[in-house]
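Beneath this line is the structure, given in structure tokens, with notes to follow.
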Amino acid sequence: MGMDEQLTVLIVEDEALVMIIAQEELEDAGFLVLTACDADEAMRHLESDARIDVLFTDIRFPGALDGWAVAQRARAFRPGIRVVYATGYSASRPDSVPDSVLFIKPYRLSDIIDAIRRLGEPGLRDNQDA
């Protein structure tokens, strides 16, 4: 994958330490990373013109929207966005969007990185630049 095809990942996570570790690991793996600590901040990124290929979101965080709702709204703004969910609570997927992946905490970041790479492979990703 060339630098011009570098994937951009938006991490939505309210636990600062978890977010910092995830951001560092994803950047070390070659991804560009944006971060949000709640749904409002996530939506500001998603409504902007920044390139975002993958949404990596926790399910539960403070505020009116949870990770399921953020992903649904993300798809409304960006139909081609890929979604990776992480939760410490339940393996059920009541509101997950199609073509998404769910990880139960504690997860290994290497597994998240592998999932993001798979989701970003050509043919699986809609071209958002078209």
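Side notes on the structure shown:
- Potential lengthening between GLU41 and ARG93 on full extension [0.36 nm per residue; Cα-Cα distance subtracted]: 16.4 nm
- For the range 96-110, 3J(HN,Hα) computed residue by residue from phi via the Karplus equation (6.51, -1.76, 1.60; θ = phi - 60°) reads 6, 7, x, 6, 10, 10, 10, 10, 9, 6, x, 10, 9, 4, 4 Hz, glycine and proline entered as x.
- Relative contact order for the chain: 22 percent, from Cα pairs under 8 Å spaced at least 6 residues apart, divided by residue count.
- Identified option (computed mean projected area of the Cα convex hull in nm²; candidates [x] 9.8; [y] 8.1; [z] 7.4): [z]
- Under the combined filter of DSSP loop state and at most 16 neighbouring Cβ atoms within 10 Å, the range 1-98 retains these GluC sites (Glu not before Pro): GLU15.
- The chain, helix-only ellipticity at 222 nm - DSSP H runs n ≥ 4, -39,500 (n - 2.57), divided by all residues, nearest 500: -10000 deg cm²/dmol
- Cut-off of 10 Å, at most 16 other beta carbons, DSSP loop: longest stretch of the chain lacking such trypsin sites (Lys or Arg not before Pro): 1-50
Each reported figure results from applying straightforward, stated rules to the coordinates on display, with no laboratory input. A quick note: this is a predicted structure, and the numbers were derived from the prediction, not measured. FYI the Cβ positions are ideal-geometry reconstructions off the backbone, even for glycines, and counts take in every protein chain you see.
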